[in-house]
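**Student:** Have a look at this one before I ask anything.
The values are calculated or read from the model by the stated rules, or taken from the named source; none is laboratory data. Note that this is a predicted model, so its numbers are computed, not measured. For neighbour counting, all protein chains shown are included, and Cβ atoms are generated from backbone atoms with ideal geometry for every residue, glycine included.
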Amino acid sequence: MGLVIPSIDLSGGLVVKRVRGIRGSELVRLNLTEALNLVKGYPLVHVVDLDGAELGRPVNVDSIARVGSAMGGRCQVGGGVRGIEDVELLLRYCSRVIVGTIAVEEPKELLAMVKELGEDKVGVSLDADGEWLVTRGWRFRAKRITDAINELPRVGAVVYTNVSVEGTGMGPRVNPELVKVLKGIGKEVYYAGGVSNCSDVEELWRLGFDGVIIGYALYVKGVRCGGQGG
């Protein structure tokens, strides 16, 4: 059995669930206390600073600090990370920082981060729309996923998100062969996008993912999938 990892997507200090990451499509808006009450029993939480991803710098730092405090550091966080100073800031609150745009666009800078901080502290977010990876808040088509993977160093975790089904509950979509490729660069490999129920989670575990990130299933449908303790 792998991990179930709830997401906390932050925008304007609220926890939201967007469809395909599009601002204004929010299906859910919760205050942070409400969200923390839902996720506190899980072993790991995935935090995304949506405003940070769009603006290119960490924005919702106070909320990230609250998550880190509530979870005892059992969180990984990304969104707006553009340099090692951003990573060092966010590591005050969470045990791992997830790098997306820089990882895809400037893999040499990611390698420098890994060498400086250690691979366990750094993860990579690969946000796919078809065979392309999108960056900068999912607004820029950057590279084909196969080309990007070949340039990446080994990291503590890889988060693969299928953007086309994110926030839809339409079911996960991933090429099973990709899991093996991702395991070549990540100690742990996590999936996000389209997950609607516990059967989806179990199928992704069977494919070889170490963890499944849930947002829509938890916040919209109230699905627990193991809940307390993951």
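**Student:** Could you check Ile98 against (1) in contact with a Leu (Cβ under 7 Å, 6 or more places away or on another chain); (2) assigned to a strand (DSSP E or B) and say which number it fails?
**Tutor:** Ile98 satisfies all of (1) in contact with a Leu (Cβ under 7 Å, 6 or more places away or on another chain); (2) assigned to a strand (DSSP E or B) except (1).
**Student:** Filter the stretch 131-152 down to residues that are assigned to a loop (DSSP other than H, G, I, E, B) and either over 18 Å from the mean Cα position of the chain (by Cα) or under 28 Å from Gly24 (Cα atoms) (or both) and give me whichever is modelled with the highest pLDDT.
**Tutor:** Going through the stretch 131-152, the residues assigned to a loop (DSSP other than H, G, I, E, B) turn out to be 131, 136-139, 152.
From what's left, either over 18 Å from the mean Cα position of the chain (by Cα) or under 28 Å from Gly24 (Cα atoms) (or both): 131, 136-139.
Working: Glu131: 91, Arg136: 87, Gly137: 79, Trp138: 79, Arg139: 80.
So, considering only residues that are assigned to a loop (DSSP other than H, G, I, E, B) and either over 18 Å from the mean Cα position of the chain (by Cα) or under 28 Å from Gly24 (Cα atoms) (or both), the one modelled with the highest pLDDT is Glu131.
**Student:** Identify the single condition in (1) in contact with a strand residue (DSSP E or B) (Cβ under 9 Å, 6 or more places away or on another chain); (2) of a type outside the set (Asp, Glu); (3) assigned to a loop (DSSP other than H, G, I, E, B) that Ala128 does not satisfy, given that it satisfies every other one.
**Tutor:** It fails just one condition, (3).
**Student:** Now for a different question. Which residues, counting only those in the stretch 90-110, are surrounded by fewer than 17 Cβ atoms within 10 Å (Cβ to Cβ) and under 17 Å from Val59 (Cα atoms)?
**Tutor:** Selection gives Arg92 alone.
**Student:** Does the stretch 166-176 contain any residue that is in a helix (DSSP H, G or I) and not small (Gly, Ala, Ser)? Write out each step before concluding.
**Tutor:** Here is the first cut: in the stretch 166-176, the residues in a helix (DSSP H, G or I) are 176.
Next, from what is left, pick out any that are not small (Gly, Ala, Ser): 176.
Yes: the stretch 166-176 contains one or more residues that are in a helix (DSSP H, G or I) and not small (Gly, Ala, Ser).
**Student:** Checking the condition assigned to a helix (DSSP H, G or I) and either at negative phi or in contact (Cβ under 8 Å) with a residue 40 or more places away in the chain (or both), which residue from Arg57, Arg66 passes? Explain how you work it out, then say what you get.
**Tutor:** Values: Arg57 fails: assigned to a helix (DSSP H, G or I).
It is Arg66.
**Student:** Of all the residues that make up the stretch 18-54, how many are in a loop (DSSP other than H, G, I, E, B), farther than 17 Å from Thr168 by Cα and among the small types (Gly, Ala, Ser)?
**Tutor:** Just the residues of the stretch 18-54 that are in a loop (DSSP other than H, G, I, E, B), to begin with: 18-27, 31, 40-44.
Those still in the list that are farther than 17 Å from Thr168 by Cα too: 31, 40-44.
When the remaining residues are screened for being among the small types (Gly, Ala, Ser), the result is 41.
Counting residues in the stretch 18-54 that are in a loop (DSSP other than H, G, I, E, B), farther than 17 Å from Thr168 by Cα and among the small types (Gly, Ala, Ser) gives 1.
**Student:** Just checking, does the stretch 170-186 include any residue being of a type in the set (Val, Ile, Thr) and under 14 Å from the mean Cα position of the chain (by Cα)? Outline the logic, then answer.
**Tutor:** First, pick out the residues of the stretch 170-186 that are of a type in the set (Val, Ile, Thr): 174, 179, 181, 185.
The next check asks that each one be under 14 Å from the mean Cα position of the chain (by Cα); those that pass are none.
Checked the stretch 170-186: no residue is of a type in the set (Val, Ile, Thr) and under 14 Å from the mean Cα position of the chain (by Cα).
**Student:** Is it the case that Ser125 is surrounded by fewer than 17 Cβ atoms within 10 Å (Cβ to Cβ) and either touching a residue at least 40 places away in the same chain (Cβ under 8 Å) or within 19 Å of Leu204 (Cα to Cα) (or both)?
**Tutor:** On the way: surrounded by fewer than 17 Cβ atoms within 10 Å (Cβ to Cβ): no; either touching a residue at least 40 places away in the same chain (Cβ under 8 Å) or within 19 Å of Leu204 (Cα to Cα) (or both): yes.
The answer is no for Ser125.
**Student:** Before we move on, is Arg173 out of contact with any strand residue (DSSP E or B) (no Cβ under 7 Å at 6 or more places or on another chain), closer than 28 Å to Tyr219 by Cβ, in contact (Cβ under 8 Å) with a residue 12 or more places away in the chain and of a type in the set (D, E, K, R)?
**Tutor:** Working: out of contact with any strand residue (DSSP E or B) (no Cβ under 7 Å at 6 or more places or on another chain): no; closer than 28 Å to Tyr219 by Cβ: yes; in contact (Cβ under 8 Å) with a residue 12 or more places away in the chain: yes; of a type in the set (D, E, K, R): yes.
No: the conditions fail for Arg173.
**Student:** Taking Pro43 as the residue in question, decide whether it is of a type outside the set (A, V, I, L, M, F, W, C) and touching a helix residue (DSSP H, G or I) at 6+ places or on another chain (Cβ under 8 Å). Even if it seems obvious, please write down each step before you answer.
**Tutor:** On the way: of a type outside the set (A, V, I, L, M, F, W, C): yes; touching a helix residue (DSSP H, G or I) at 6+ places or on another chain (Cβ under 8 Å): no.
Answer is no for this residue.
**Student:** Another question, if that's okay. How many residues, within the stretch 185-226, are part of a loop (DSSP other than H, G, I, E, B) and of a type in the set (Lys, Arg)? Reasoning before the result, please.
**Tutor:** At the first step, the residues of the stretch 185-226 found to be part of a loop (DSSP other than H, G, I, E, B) are 185, 193-197, 208-210, 215, 220-226.
From what is left, the residues that are of a type in the set (Lys, Arg) are 221, 224.
Matching residues across the stretch 185-226 total 2.
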